[in-house]
């Protein structure tokens, strides 16, 4: 492998950047995988049930009425 890689990298010094970035990404990816595998499942229990929970906040706000604004209609005033 070295006999093939050495002449390839001798042609351009800029080819080392992508290789370094790939190795850095791989190390970070493995670090995250190890962190997730070693974490306690209690940390993720609440988050794992979020897609199945009922929505407590409606997507659209409730309609604005005269009572909610504090104004009285003619029938309420008299």
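Among the residues of segment 1-13, the ones that are surrounded by 10 or more Cβ atoms within 10 Å (Cβ to Cβ) and either within 36 Å of the chain's Cα centre (by Cα) or not in a helix (DSSP H, G or I) (or both) come to 0 in all.
Can we say residue 16 is at pLDDT 60 or above and either in a loop (DSSP other than H, G, I, E, B) or surrounded by 10 or more Cβ atoms within 10 Å (Cβ to Cβ) (or both)? Yes; evaluated as a whole, the condition is true for this residue. Here segment 19-50 is the region considered, the condition is being surrounded by fewer than 10 Cβ atoms within 10 Å (Cβ to Cβ) and outside any helix (DSSP H, G or I), and the residue that is modelled with the lowest pLDDT is 41. There is at least one residue in segment 52-71 that is modelled with pLDDT of 70 or more, at negative phi, surrounded by fewer than 10 Cβ atoms within 10 Å (Cβ to Cβ) and assigned to a helix (DSSP H, G or I).
The values are calculated or read from the model by the stated rules, or taken from the named source; none is laboratory data. All figures in this text were calculated on a predicted structure; none of them were measured in a lab. Here Cβ is always computed from backbone atoms with ideal geometry, including for glycine, and neighbour counts include all displayed protein chains.
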